[in-house]
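Every read-out reported here was derived from the displayed coordinates using simple, explicitly stated rules and does not represent laboratory data. Please read all numbers here as calculations on a predicted model, not as lab measurements. Note: ideal-geometry Cβ built from the backbone for every residue, glycine included; neighbour counts use all protein chains shown.
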Amino acid sequence: MRIGVIGNSIKESLPDAIETLVKLGPKYNIEFFIHDELSLSLKEKLGNVFLQKQYLPSAELVAESDVIVAFGGDGTILSAARMVGKSAVPILGINLGKLGFLAEVSLEELEPFIQDVIAGEHITEERMMLKTTIEKDKSVLYSMNDVVIDNSTSSRLIHISVYVNGEYLVSYSGDGIILATPTGSTAYSLAAGGPIVVPTTSVIVIQPISPHSLSARTVIIPDTSTIRIVVEHLSNEARVTADGQTEKIYAPPLDIIIRKAEYSVKLIKRKDRSYYDVLRAKLLWGSDIRMVKGKSDEHD
């Protein structure tokens with residue numbers, strides 16, 4: 001098996017985590033390739049553990065790998081999703097962060113899960129991607145969580161009209177709007193008051209951000225829909241952000257087209273843990289938060 005490795009270099013534990021993975025290579029006949037953006041931080045910590053030919057830029061890393069292992073939190077996996085693109089190379093997330101809805105296993109669980117992956121004892125889930133086209137310059141952004149349209153620097157209202165399959169839906173005045181995939185329903189959309197959507201559901205969530213109308217509500221539409229967002233000329237500069245990581249700023253008026261992308265991304269998941277297990281664990285459902293806080297206080 002050939003594994004491509006990416007990671008969040010801000011995480012202090014990253015070099016040790018990658019070293020833990022690489023030590024499994026001889027035992028399980030794994031060949032490793034490392035994202036070249038990690039070369040500096042890894043060489044400082046691990047010296048010449050990796051040969052120069054093992055450090056590859058994004059496109060070559062994906063082309064050479066059977067699996068991409070992403071060390072970090074959900075943001076690292078979102079970056080990996082855009083990196084693998086249409087290649088269909090599956091992503092395995094190793095959680096070095098805190099909340100982590102997408103990262104599948106902890107560092108302590110790494111070796112047994114690598115064994116499961118080699119043995120085929122895992123699940124591969126297809127996750128929807130969104131394709132956002134800005135008509136003004138034909139720029140295209142891809143995202144696995146969401147695309148957000150809001151004011152770039154001003155606290156003033158942004159004025160947005162929404163069309164679905166060519167039919168007028170609604171106009172919002174507020175802080176902006178989120179178009180979220182089911183995967184992204186537990187991200188910014190949830191914080192803005194949106195619903196939790198099971199990731200394998202075939203829908204897109206339209207979620208206003210702090211609208212100046214009590215009647216404005218979340219709308220969930222089929223993922224076969226084409227959404228047109230019109231930013232009215234009354235607004236200041238508009239910012240279009242994909243997955244909270246890639247952004248572009250434009251002067252209105254502005255037409256933005258959002259639809260399901262022509263490809264999906266594969267995430268490697270455990271057989272013994274369902275999405276509902278993850279929700280209960282991450283959101284502390286069924287737990288007495290006072291008791292959870294009490295336990296954490298004991299360890300301070």
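Figures for the structure shown
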item: Net lengthening on full extension, LEU283/ILE118 (0.36 nm per residue, minus Cα-Cα); result: 56.3 nm
item: Burial order of peptide ranges 20-30, 108-118 (average beta-carbon count within 10 Å, highest first); result: 108-118, 20-30
item: Local electrostatic count, VAL205, Cβ distance below 13 Å [Lys/Arg +1, Asp/Glu -1]; result: 0
item: For the chain, size of Cβ-based charge dipole, Lys and Arg +1, Asp and Glu -1, in debye; result: 380
item: Per-residue ³J(HN,Hα) for segment 104-118, Karplus 6.51 cos²θ - 1.76 cosθ + 1.60, θ = phi - 60°, Hz, x for Gly and Pro; result: 7, 9, 8, 4, 5, 8, 4, 4, x, 6, 4, 4, 4, 5, 4
item: Cα-based shape type of segment 39-96, given that a ≥ b ≥ c are square roots of the gyration tensor eigenvalues and the cut on a/c is 1.5; result: oblate
item: Added length on full extension, which subtracts the Cα-Cα distance from 0.36 nm per residue, LYS248 to ARG217; result: 8.5 nm
item: For GLU31, distant residues with modelled amide H under 5 Å away; result: ARG2, ILE3
item: FRET efficiency for SER13 and SER210, using Cβ-Cβ distance with R0 set to 41 Å, rounded to 0.05; result: 0.70
item: Segment 122-132 - phi-based ³J(HN,Hα) in whole Hz, Karplus 6.51/-1.76/1.60, Gly and Pro as x; result: 8, 10, 10, 9, 8, 10, 4, 10, 9, 10, 10
item: Residue-averaged 222 nm ellipticity for the chain, from DSSP H runs of 4+ at -39500 (n - 2.57), nearest 500; result: -6500 deg cm²/dmol
item: Burial ranking of peptide ranges 125-132, 220-227 (average Cβ count within 10 Å, highest at the top); result: 125-132, 220-227
item: Simple label model, 7 Å out from Cα along Cβ direction - TYR168 to ARG2, nm; result: 5.5
item: DSSP bridge pairs, the chain: antiparallel proportion in percent, nearest 5; result: 75
item: Label-point gap, in nm, between ASP272 and TYR28 - each point 7 angstrom along Cα→Cβ; result: 1.5
